[in-house]
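Structure, as C-alpha coordinates:
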Amino acid sequence: MEKYIINGGNKLYGSVKIQSSKNSVLPILAATVLTDGKVKILNVPHISDVKNMVKILSCLGCKAVYDGDNIIIDSSSADCFEIPSALAHELRSSVFLLGSVISRFRYAKIAYPGGCDIGLRPVDLHLTGLKRLGVQITEKNGYILCKCDKLRGNEIMLDCPSVGATENIMLAAVKAEGTTIIKNAAREPEIEDLQNFLNRIGAKVSGAGSGTIRIDGVNKLEGCEYLPIPDRIEAGTFLIGAAMCGGEITAEGAYPENISSLIHKLTENGCKIHINNDKIVLENHKRLASVKSIETQPYPGFPTDLQAQFTALCCICEGHSIVTENLFETRFKYVPELRKMGADITVIDRNAFVRGVEKFKGATVVANDLRGGAALVLAGLAADGRSEVMGISHIDRGYGSFEYKLRNLGADIVRVTV
Ligand code: UD1
(Lines give C-alpha, C1' and ligand atoms only; values in the text may rest on other atoms or scores of the structure.)
Protein backbone atom coordinates (compact mmCIF):
# COMPACT_ATOMS: atom_id res chain seq x y z
CA MET A 1 0.00 0.00 0.00
CA GLU A 2 1.32 3.39 -0.96
CA LYS A 3 0.14 6.96 -0.51
CA TYR A 4 1.07 10.45 -1.61
CA ILE A 5 2.15 13.10 0.84
CA ILE A 6 1.68 16.57 -0.58
CA ASN A 7 2.67 19.94 0.82
CA GLY A 8 0.40 22.26 -1.09
CA GLY A 9 0.83 25.84 -2.20
CA ASN A 10 3.65 25.63 -4.76
CA LYS A 11 3.04 27.20 -8.14
CA LEU A 12 3.80 24.99 -11.15
CA TYR A 13 6.41 26.01 -13.72
CA GLY A 14 8.09 24.15 -16.57
CA SER A 15 7.36 21.55 -19.22
CA VAL A 16 5.76 18.16 -19.02
CA LYS A 17 6.05 15.53 -21.74
CA ILE A 18 2.73 13.86 -22.47
CA GLN A 19 2.57 10.04 -22.59
CA SER A 20 0.86 8.03 -25.31
CA SER A 21 -2.86 7.77 -24.73
CA LYS A 22 -3.86 5.02 -22.31
CA ASN A 23 -7.17 4.67 -24.14
CA SER A 24 -5.34 4.20 -27.46
CA VAL A 25 -2.65 1.86 -26.22
CA LEU A 26 -5.10 -0.57 -24.56
CA PRO A 27 -7.21 -1.40 -27.67
CA ILE A 28 -4.05 -1.40 -29.82
CA LEU A 29 -2.54 -3.99 -27.48
CA ALA A 30 -5.75 -6.01 -27.79
CA ALA A 31 -5.49 -5.70 -31.58
CA THR A 32 -2.04 -7.31 -31.63
CA VAL A 33 -3.76 -10.70 -31.10
CA LEU A 34 -5.10 -10.38 -34.67
CA THR A 35 -1.69 -10.59 -36.30
CA ASP A 36 1.26 -13.00 -36.40
CA GLY A 37 3.57 -10.10 -37.24
CA LYS A 38 5.67 -8.33 -34.61
CA VAL A 39 4.23 -5.04 -33.37
CA LYS A 40 6.32 -2.37 -31.67
CA ILE A 41 4.28 0.25 -29.80
CA LEU A 42 6.19 3.42 -28.93
CA ASN A 43 6.12 5.80 -25.94
CA VAL A 44 3.89 3.47 -23.93
CA PRO A 45 2.92 4.83 -20.51
CA HIS A 46 4.22 2.98 -17.45
CA ILE A 47 0.79 2.44 -15.93
CA SER A 48 -0.81 -0.58 -14.33
CA ASP A 49 -3.64 -0.84 -16.90
CA VAL A 50 -1.03 -1.41 -19.61
CA LYS A 51 0.93 -3.84 -17.42
CA ASN A 52 -2.25 -5.83 -16.78
CA MET A 53 -3.14 -5.89 -20.48
CA VAL A 54 0.37 -7.15 -21.26
CA LYS A 55 -0.03 -9.83 -18.57
CA ILE A 56 -3.28 -10.96 -20.19
CA LEU A 57 -1.56 -11.12 -23.60
CA SER A 58 1.17 -13.28 -22.05
CA CYS A 59 -1.49 -15.61 -20.61
CA LEU A 60 -2.91 -15.93 -24.14
CA GLY A 61 0.51 -17.10 -25.32
CA CYS A 62 1.72 -13.82 -26.88
CA LYS A 63 5.32 -12.77 -26.23
CA ALA A 64 5.73 -9.28 -24.83
CA VAL A 65 9.06 -7.54 -24.29
CA TYR A 66 9.55 -4.07 -22.81
CA ASP A 67 12.23 -1.99 -24.53
CA GLY A 68 12.45 1.23 -22.47
CA ASP A 69 9.24 3.14 -23.17
CA ASN A 70 8.33 0.79 -26.03
CA ILE A 71 6.69 -2.64 -26.04
CA ILE A 72 7.22 -5.34 -28.66
CA ILE A 73 4.42 -7.88 -28.97
CA ASP A 74 4.76 -11.09 -30.94
CA SER A 75 1.43 -12.91 -31.04
CA SER A 76 2.52 -15.66 -33.47
CA SER A 77 2.59 -18.18 -30.60
CA ALA A 78 -0.84 -17.22 -29.12
CA ASP A 79 -2.62 -20.45 -28.21
CA CYS A 80 -5.24 -19.68 -25.55
CA PHE A 81 -8.70 -18.11 -25.83
CA GLU A 82 -9.51 -17.72 -22.13
CA ILE A 83 -8.83 -14.40 -20.42
CA PRO A 84 -7.96 -15.11 -16.77
CA SER A 85 -10.71 -13.88 -14.46
CA ALA A 86 -8.39 -12.22 -11.91
CA LEU A 87 -6.93 -9.99 -14.63
CA ALA A 88 -10.28 -9.36 -16.33
CA HIS A 89 -11.55 -8.07 -12.99
CA GLU A 90 -8.60 -5.68 -12.74
CA LEU A 91 -9.09 -4.14 -16.14
CA ARG A 92 -12.26 -3.14 -17.96
CA SER A 93 -10.42 -2.91 -21.27
CA SER A 94 -9.89 -6.68 -21.13
CA VAL A 95 -13.33 -6.80 -22.78
CA PHE A 96 -11.75 -5.47 -26.02
CA LEU A 97 -9.97 -8.79 -26.25
CA LEU A 98 -13.26 -10.51 -27.04
CA GLY A 99 -13.24 -9.06 -30.55
CA SER A 100 -9.66 -10.02 -31.36
CA VAL A 101 -9.66 -13.39 -29.55
CA ILE A 102 -12.89 -14.55 -31.24
CA SER A 103 -11.44 -13.45 -34.57
CA ARG A 104 -8.29 -15.51 -33.99
CA PHE A 105 -9.61 -18.66 -32.29
CA ARG A 106 -13.36 -18.71 -33.07
CA TYR A 107 -13.75 -19.08 -29.31
CA ALA A 108 -13.35 -16.62 -26.45
CA LYS A 109 -14.01 -16.84 -22.72
CA ILE A 110 -13.80 -13.91 -20.34
CA ALA A 111 -15.06 -13.06 -16.87
CA TYR A 112 -17.12 -9.87 -16.64
CA PRO A 113 -14.60 -7.02 -16.80
CA GLY A 114 -13.66 -4.73 -13.91
CA GLY A 115 -12.11 -1.24 -14.03
CA CYS A 116 -13.12 1.93 -12.23
CA ASP A 117 -16.31 1.74 -10.22
CA ILE A 118 -17.99 4.74 -11.82
CA GLY A 119 -21.39 3.34 -12.69
CA LEU A 120 -23.14 0.36 -14.23
CA ARG A 121 -20.86 0.10 -17.30
CA PRO A 122 -22.72 -2.72 -19.05
CA VAL A 123 -21.26 -4.55 -22.07
CA ASP A 124 -24.58 -5.23 -23.83
CA LEU A 125 -23.63 -3.14 -26.89
CA HIS A 126 -20.34 -5.03 -27.28
CA LEU A 127 -22.20 -8.35 -27.20
CA THR A 128 -25.03 -7.26 -29.51
CA GLY A 129 -22.45 -6.07 -32.03
CA LEU A 130 -20.52 -9.33 -31.89
CA LYS A 131 -23.77 -11.30 -32.33
CA ARG A 132 -24.47 -9.31 -35.50
CA LEU A 133 -21.13 -10.60 -36.86
CA GLY A 134 -22.20 -14.20 -36.25
CA VAL A 135 -20.90 -14.85 -32.73
CA GLN A 136 -22.98 -17.05 -30.44
CA ILE A 137 -22.81 -15.80 -26.88
CA THR A 138 -23.74 -17.44 -23.60
CA GLU A 139 -23.37 -15.82 -20.22
CA LYS A 140 -22.81 -18.25 -17.34
CA ASN A 141 -21.49 -17.97 -13.77
CA GLY A 142 -20.01 -14.51 -14.36
CA TYR A 143 -18.34 -15.56 -17.63
CA ILE A 144 -19.05 -14.53 -21.21
CA LEU A 145 -18.52 -17.44 -23.63
CA CYS A 146 -18.29 -16.71 -27.34
CA LYS A 147 -18.03 -19.03 -30.30
CA CYS A 148 -18.56 -18.85 -34.04
CA ASP A 149 -17.87 -20.84 -37.20
CA LYS A 150 -17.10 -17.78 -39.23
CA LEU A 151 -17.29 -14.02 -38.66
CA ARG A 152 -19.42 -12.29 -41.30
CA GLY A 153 -19.57 -8.54 -41.89
CA ASN A 154 -22.88 -6.83 -41.16
CA GLU A 155 -24.44 -3.46 -40.44
CA ILE A 156 -24.46 -2.59 -36.74
CA MET A 157 -26.34 0.35 -35.29
CA LEU A 158 -25.19 1.24 -31.78
CA ASP A 159 -27.88 2.47 -29.37
CA CYS A 160 -25.34 4.94 -28.02
CA PRO A 161 -21.84 5.83 -29.27
CA SER A 162 -19.93 3.56 -26.86
CA VAL A 163 -16.15 3.84 -27.22
CA GLY A 164 -15.45 0.29 -26.08
CA ALA A 165 -18.23 -1.31 -28.15
CA THR A 166 -17.09 0.55 -31.29
CA GLU A 167 -13.51 -0.66 -30.75
CA ASN A 168 -14.50 -4.23 -29.95
CA ILE A 169 -16.64 -4.50 -33.08
CA MET A 170 -13.84 -2.98 -35.20
CA LEU A 171 -11.45 -5.64 -33.88
CA ALA A 172 -13.86 -8.50 -34.56
CA ALA A 173 -14.70 -7.18 -38.05
CA VAL A 174 -11.17 -6.61 -39.37
CA LYS A 175 -10.78 -10.24 -40.55
CA ALA A 176 -14.48 -11.02 -41.00
CA GLU A 177 -15.84 -12.06 -44.37
CA GLY A 178 -17.29 -9.04 -46.20
CA THR A 179 -18.02 -5.52 -45.06
CA THR A 180 -19.08 -4.23 -41.65
CA ILE A 181 -20.65 -0.83 -41.18
CA ILE A 182 -20.87 0.58 -37.64
CA LYS A 183 -23.46 3.35 -37.36
CA ASN A 184 -23.67 5.77 -34.44
CA ALA A 185 -20.04 4.86 -33.76
CA ALA A 186 -18.07 6.72 -31.08
CA ARG A 187 -16.01 9.58 -32.55
CA GLU A 188 -13.25 9.81 -29.91
CA PRO A 189 -9.70 10.45 -31.26
CA GLU A 190 -8.65 7.07 -29.85
CA ILE A 191 -11.05 5.36 -32.31
CA GLU A 192 -9.31 7.08 -35.20
CA ASP A 193 -5.98 6.05 -33.71
CA LEU A 194 -7.12 2.41 -33.58
CA GLN A 195 -8.21 2.71 -37.23
CA ASN A 196 -4.77 4.09 -38.17
CA PHE A 197 -3.02 1.29 -36.33
CA LEU A 198 -5.22 -1.39 -37.92
CA ASN A 199 -4.60 0.04 -41.38
CA ARG A 200 -0.85 0.03 -40.68
CA ILE A 201 -0.99 -3.72 -40.09
CA GLY A 202 -2.96 -4.24 -43.30
CA ALA A 203 -6.64 -3.78 -42.38
CA LYS A 204 -9.12 -1.78 -44.46
CA VAL A 205 -10.92 0.56 -42.09
CA SER A 206 -12.31 4.00 -42.92
CA GLY A 207 -14.61 6.61 -41.45
CA ALA A 208 -13.31 6.64 -37.85
CA GLY A 209 -13.79 10.09 -36.35
CA SER A 210 -17.24 10.25 -37.96
CA GLY A 211 -20.38 8.44 -36.83
CA THR A 212 -20.06 5.76 -39.53
CA ILE A 213 -17.14 3.35 -39.75
CA ARG A 214 -16.62 0.92 -42.62
CA ILE A 215 -14.49 -2.20 -42.25
CA ASP A 216 -13.74 -4.36 -45.29
CA GLY A 217 -12.53 -7.73 -44.04
CA VAL A 218 -9.02 -8.89 -45.00
CA ASN A 219 -7.40 -12.32 -44.66
CA LYS A 220 -3.99 -11.46 -43.37
CA LEU A 221 -2.40 -8.81 -41.19
CA GLU A 222 1.26 -8.03 -40.61
CA GLY A 223 3.51 -6.30 -38.06
CA CYS A 224 4.44 -2.62 -37.71
CA GLU A 225 5.96 0.04 -35.50
CA TYR A 226 3.37 2.48 -34.19
CA LEU A 227 3.34 5.66 -32.13
CA PRO A 228 -0.11 6.17 -30.56
CA ILE A 229 -1.59 9.66 -30.12
CA PRO A 230 -0.78 11.64 -26.97
CA ASP A 231 -2.96 11.22 -23.91
CA ARG A 232 -5.45 14.10 -23.99
CA ILE A 233 -6.62 13.28 -20.46
CA GLU A 234 -3.10 13.37 -19.02
CA ALA A 235 -2.47 16.69 -20.80
CA GLY A 236 -5.79 18.06 -19.52
CA THR A 237 -5.02 16.97 -15.97
CA PHE A 238 -1.71 18.87 -15.92
CA LEU A 239 -3.30 21.97 -17.46
CA ILE A 240 -6.08 21.97 -14.87
CA GLY A 241 -3.43 21.49 -12.16
CA ALA A 242 -1.57 24.59 -13.33
CA ALA A 243 -4.85 26.54 -13.49
CA MET A 244 -5.51 25.57 -9.86
CA CYS A 245 -2.00 26.11 -8.45
CA GLY A 246 -1.05 29.10 -10.62
CA GLY A 247 2.19 29.38 -12.60
CA GLU A 248 3.03 28.61 -16.21
CA ILE A 249 3.40 25.16 -17.69
CA THR A 250 3.83 23.69 -21.16
CA ALA A 251 2.22 20.38 -22.07
CA GLU A 252 4.59 19.07 -24.73
CA GLY A 253 3.72 16.54 -27.40
CA ALA A 254 -0.02 17.09 -26.94
CA TYR A 255 -2.66 17.40 -29.65
CA PRO A 256 -4.45 20.63 -28.66
CA GLU A 257 -7.37 19.96 -31.04
CA ASN A 258 -8.20 16.79 -29.08
CA ILE A 259 -8.93 18.79 -25.91
CA SER A 260 -10.40 21.92 -27.42
CA SER A 261 -13.49 21.61 -25.18
CA LEU A 262 -11.23 21.91 -22.10
CA ILE A 263 -9.12 24.68 -23.62
CA HIS A 264 -12.28 26.71 -24.28
CA LYS A 265 -13.48 26.27 -20.71
CA LEU A 266 -10.10 27.15 -19.19
CA THR A 267 -9.96 30.29 -21.34
CA GLU A 268 -13.50 31.13 -20.22
CA ASN A 269 -12.27 30.72 -16.61
CA GLY A 270 -9.62 33.38 -17.23
CA CYS A 271 -6.49 31.28 -17.97
CA LYS A 272 -4.12 32.47 -20.67
CA ILE A 273 -3.48 29.68 -23.16
CA HIS A 274 -1.09 29.75 -26.11
CA ILE A 275 -0.85 26.94 -28.62
CA ASN A 276 2.29 26.31 -30.62
CA ASN A 277 1.90 23.16 -32.75
CA ASP A 278 2.03 20.28 -30.26
CA LYS A 279 2.73 22.51 -27.25
CA ILE A 280 0.02 23.94 -25.02
CA VAL A 281 1.18 26.71 -22.68
CA LEU A 282 -1.10 27.65 -19.79
CA GLU A 283 -0.43 30.68 -17.62
CA ASN A 284 -2.41 31.77 -14.60
CA HIS A 285 -1.54 34.02 -11.67
CA LYS A 286 -4.92 34.77 -10.12
CA ARG A 287 -8.06 33.27 -8.66
CA LEU A 288 -10.19 32.20 -11.62
CA ALA A 289 -13.83 32.97 -12.37
CA SER A 290 -16.35 30.10 -12.36
CA VAL A 291 -17.56 28.75 -15.71
CA LYS A 292 -21.19 28.64 -14.47
CA SER A 293 -22.02 25.30 -16.07
CA ILE A 294 -20.33 22.41 -17.76
CA GLU A 295 -21.54 18.97 -18.82
CA THR A 296 -19.80 15.84 -19.95
CA GLN A 297 -20.60 14.46 -23.38
CA PRO A 298 -19.20 12.04 -25.93
CA TYR A 299 -16.37 13.53 -28.03
CA PRO A 300 -16.06 16.32 -29.11
CA GLY A 301 -17.96 17.39 -25.97
CA PHE A 302 -16.31 17.84 -22.59
CA PRO A 303 -14.71 14.48 -21.59
CA THR A 304 -16.08 12.60 -18.61
CA ASP A 305 -12.48 11.62 -17.83
CA LEU A 306 -11.71 15.27 -16.98
CA GLN A 307 -14.91 15.90 -15.02
CA ALA A 308 -13.45 15.23 -11.55
CA GLN A 309 -10.33 17.33 -12.15
CA PHE A 310 -12.40 20.21 -13.55
CA THR A 311 -14.83 20.04 -10.62
CA ALA A 312 -11.82 20.36 -8.28
CA LEU A 313 -10.89 23.53 -10.17
CA CYS A 314 -14.47 24.87 -9.89
CA CYS A 315 -14.24 24.42 -6.10
CA ILE A 316 -11.69 27.25 -5.81
CA CYS A 317 -13.07 29.54 -8.53
CA GLU A 318 -14.94 32.69 -7.68
CA GLY A 319 -18.70 32.06 -7.87
CA HIS A 320 -20.99 29.08 -8.47
CA SER A 321 -20.66 26.27 -11.01
CA ILE A 322 -22.88 23.37 -11.98
CA VAL A 323 -21.15 20.25 -13.25
CA THR A 324 -23.36 17.65 -14.96
CA GLU A 325 -22.13 14.09 -15.54
CA ASN A 326 -24.04 12.51 -18.42
CA LEU A 327 -22.03 9.35 -19.06
CA PHE A 328 -21.43 7.47 -15.82
CA GLU A 329 -23.94 7.35 -12.95
CA THR A 330 -21.62 7.33 -9.95
CA ARG A 331 -18.76 9.49 -11.08
CA PHE A 332 -19.00 11.90 -8.13
CA LYS A 333 -17.58 9.48 -5.56
CA TYR A 334 -14.62 11.76 -4.95
CA VAL A 335 -16.91 14.59 -3.75
CA PRO A 336 -17.03 13.60 -0.04
CA GLU A 337 -13.21 13.52 -0.10
CA LEU A 338 -12.98 17.00 -1.65
CA ARG A 339 -15.38 18.20 1.05
CA LYS A 340 -12.83 17.08 3.67
CA MET A 341 -10.51 19.58 1.98
CA GLY A 342 -13.02 22.39 2.40
CA ALA A 343 -14.95 22.13 -0.88
CA ASP A 344 -18.57 23.25 -0.85
CA ILE A 345 -20.33 20.80 -3.21
CA THR A 346 -23.83 19.35 -3.21
CA VAL A 347 -24.59 16.44 -5.51
CA ILE A 348 -28.15 15.88 -6.70
CA ASP A 349 -28.55 13.08 -9.23
CA ARG A 350 -26.15 13.78 -12.08
CA ASN A 351 -25.40 17.35 -11.02
CA ALA A 352 -22.75 18.74 -8.70
CA PHE A 353 -23.56 22.23 -7.42
CA VAL A 354 -20.28 23.89 -6.50
CA ARG A 355 -19.92 27.07 -4.46
CA GLY A 356 -16.41 28.44 -4.85
CA VAL A 357 -14.24 28.76 -1.72
CA GLU A 358 -11.02 30.79 -1.49
CA LYS A 359 -8.69 27.79 -0.90
CA PHE A 360 -8.58 24.06 -0.24
CA LYS A 361 -7.09 23.04 3.09
CA GLY A 362 -4.84 20.01 3.48
CA ALA A 363 -6.50 16.77 4.63
CA THR A 364 -6.20 12.99 4.47
CA VAL A 365 -8.34 11.68 1.63
CA VAL A 366 -8.90 8.40 -0.21
CA ALA A 367 -8.92 7.90 -3.99
CA ASN A 368 -11.75 5.60 -5.10
CA ASP A 369 -11.15 5.71 -8.83
CA LEU A 370 -8.55 6.87 -11.34
CA ARG A 371 -9.74 10.35 -12.34
CA GLY A 372 -11.29 11.13 -8.97
CA GLY A 373 -7.90 10.25 -7.48
CA ALA A 374 -6.14 12.67 -9.83
CA ALA A 375 -8.60 15.39 -8.78
CA LEU A 376 -7.69 14.82 -5.12
CA VAL A 377 -3.98 15.15 -5.92
CA LEU A 378 -4.59 18.44 -7.76
CA ALA A 379 -6.64 19.71 -4.81
CA GLY A 380 -3.77 18.73 -2.46
CA LEU A 381 -1.27 20.62 -4.63
CA ALA A 382 -3.42 23.75 -4.55
CA ALA A 383 -4.27 23.44 -0.83
CA ASP A 384 -2.90 25.26 2.18
CA GLY A 385 -0.91 22.75 4.23
CA ARG A 386 -0.23 19.02 4.08
CA SER A 387 -2.44 16.38 2.47
CA GLU A 388 -2.25 12.63 2.28
CA VAL A 389 -3.88 10.83 -0.63
CA MET A 390 -4.48 7.13 0.00
CA GLY A 391 -5.60 4.52 -2.55
CA ILE A 392 -3.12 5.70 -5.17
CA SER A 393 -3.11 2.34 -6.98
CA HIS A 394 -6.18 3.75 -8.74
CA ILE A 395 -4.08 6.69 -9.99
CA ASP A 396 -1.31 4.31 -11.11
CA ARG A 397 -3.82 2.75 -13.52
CA GLY A 398 -3.67 5.79 -15.79
CA TYR A 399 -0.84 8.21 -14.94
CA GLY A 400 2.77 7.13 -15.55
CA SER A 401 5.42 8.75 -13.30
CA PHE A 402 2.73 11.12 -12.01
CA GLU A 403 4.53 12.41 -8.91
CA TYR A 404 7.85 12.58 -10.79
CA LYS A 405 6.31 14.75 -13.52
CA LEU A 406 4.60 16.94 -10.91
CA ARG A 407 7.83 17.35 -8.92
CA ASN A 408 9.58 18.45 -12.12
CA LEU A 409 7.01 21.23 -12.33
CA GLY A 410 7.84 22.31 -8.77
CA ALA A 411 5.20 20.43 -6.77
CA ASP A 412 6.04 19.05 -3.32
CA ILE A 413 4.70 15.50 -3.59
CA VAL A 414 6.24 12.18 -2.54
CA ARG A 415 5.10 8.57 -2.69
CA VAL A 416 5.57 6.63 0.53
CA THR A 417 4.82 3.06 1.52
CA VAL A 418 2.19 2.82 4.25
C1 UD1 B 1 -14.08 4.54 -22.54
C2 UD1 B 1 -12.81 4.99 -21.88
C3 UD1 B 1 -13.09 5.74 -20.59
C4 UD1 B 1 -14.05 6.89 -20.88
C5 UD1 B 1 -15.28 6.41 -21.66
C6 UD1 B 1 -16.17 7.55 -22.12
C7 UD1 B 1 -11.19 3.32 -22.54
C8 UD1 B 1 -10.28 2.22 -22.13
N9 UD1 B 1 -11.98 3.84 -21.59
O10 UD1 B 1 -14.73 3.68 -21.61
O11 UD1 B 1 -11.87 6.24 -20.08
O12 UD1 B 1 -14.48 7.42 -19.65
O13 UD1 B 1 -14.88 5.68 -22.82
O14 UD1 B 1 -15.46 8.45 -22.88
O15 UD1 B 1 -11.16 3.75 -23.69
N16 UD1 B 1 -22.70 1.64 -22.40
C17 UD1 B 1 -23.79 0.80 -22.44
N18 UD1 B 1 -23.61 -0.46 -22.94
C19 UD1 B 1 -22.41 -0.91 -23.41
C20 UD1 B 1 -21.30 -0.03 -23.36
C21 UD1 B 1 -21.49 1.25 -22.86
O22 UD1 B 1 -24.87 1.16 -22.03
O23 UD1 B 1 -22.32 -2.05 -23.86
C24 UD1 B 1 -22.86 3.01 -21.86
C25 UD1 B 1 -22.04 3.22 -20.57
O26 UD1 B 1 -22.73 2.77 -19.43
C27 UD1 B 1 -21.84 4.71 -20.58
C28 UD1 B 1 -21.75 5.05 -22.06
O29 UD1 B 1 -22.29 3.94 -22.77
O30 UD1 B 1 -22.95 5.37 -20.04
C31 UD1 B 1 -20.36 5.31 -22.57
O32 UD1 B 1 -19.53 4.21 -22.24
P33 UD1 B 1 -18.34 3.77 -23.20
O34 UD1 B 1 -18.14 4.81 -24.25
O35 UD1 B 1 -18.57 2.38 -23.63
O36 UD1 B 1 -17.09 3.81 -22.22
P37 UD1 B 1 -15.93 2.76 -22.09
O38 UD1 B 1 -15.60 2.21 -23.43
O39 UD1 B 1 -16.21 1.83 -20.98
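Charged side chains reduced to their Cβ positions (Lys and Arg at +1, Asp and Glu at -1) give the chain a dipole of some 280 debye around its Cα centre.
Below 10 angstrom from the Cβ of LEU221, what's the summed charge of the other residues (Lys, Arg +1; Asp, Glu -1)? So the surrounding residues net to +1. With respect to the chain, whose longest principal axis is taken over its alpha-carbon atoms, helix 370-382 is tilted by about 20°. Cα centroid separation, the stretch 288-338 to the stretch 160-229: 31 Å. The order of the peptides 308-319, 344-355, 40-51 by mean Cβ neighbours within 10 Å, most packed first, is 308-319, 40-51, 344-355. Per-residue packing, averaged as other Cβ atoms within 10 Å, sorts the ranges 393-404, 271-282 into the order 393-404, 271-282, beginning with the highest. Against the longest principal axis of the chain, how steep is helix 232-245, in degrees 0 to 90 to the nearest 10, with axes from Cα atoms? Tilt of helix 232-245: around 10 degrees. When each of the peptides 137-149, 373-385, 405-417 is scored by how many other beta carbons lie within 10 Å of its residues on average, the order from highest to lowest is 373-385, 405-417, 137-149.
Which distance in Å, rounded to a whole number, links the C-alpha centroids of the stretch 52-100 and the stretch 240-258? Between the Cα centres of the stretch 52-100 and the stretch 240-258 lies a distance of 33 Å. The C-alpha atoms of the chain define a longest principal axis, and helix 22-31 lies at about 10 degrees to it. Let me make sure I get this right: for the stretch 292-372, a, b and c are the square roots of the gyration tensor eigenvalues over alpha carbons, sorted descending. Under 1.5 in a/c it's rounded, otherwise prolate if a/b > b/c, else oblate. Which is it? Cα axes put the stretch 292-372 in the oblate bin.
The residues of the stretch 128-283 expose on average 40 square angstrom of accessible surface per residue, using a 1.4 Å probe on protein heavy atoms.
Which of rounded, prolate, oblate describes the chain, given a ≥ b ≥ c as roots of the alpha-carbon gyration tensor eigenvalues and a/c under 1.5 marking rounded, otherwise prolate only if a/b is larger than b/c? Verdict is prolate for the chain.
Per-atom-type breakdown for the stretch 227-278 gives carbon and sulfur 47% of the accessible area (1.4 Å probe, protein chains only).
The values are calculated or read from the model by the stated rules, or taken from the named source; none is laboratory data. All figures in this text were calculated on a predicted structure; none of them were measured in a lab. Glycine gets a Cβ as well: all are built from the backbone with ideal geometry, and neighbour counts include every protein chain shown. The area values use the complete protein model at the heavy-atom level, side chains included, leaving out ligands, DNA and RNA. Shrake-Rupley method; radii C 1.70, N 1.55, O 1.52, S 1.80 Å.
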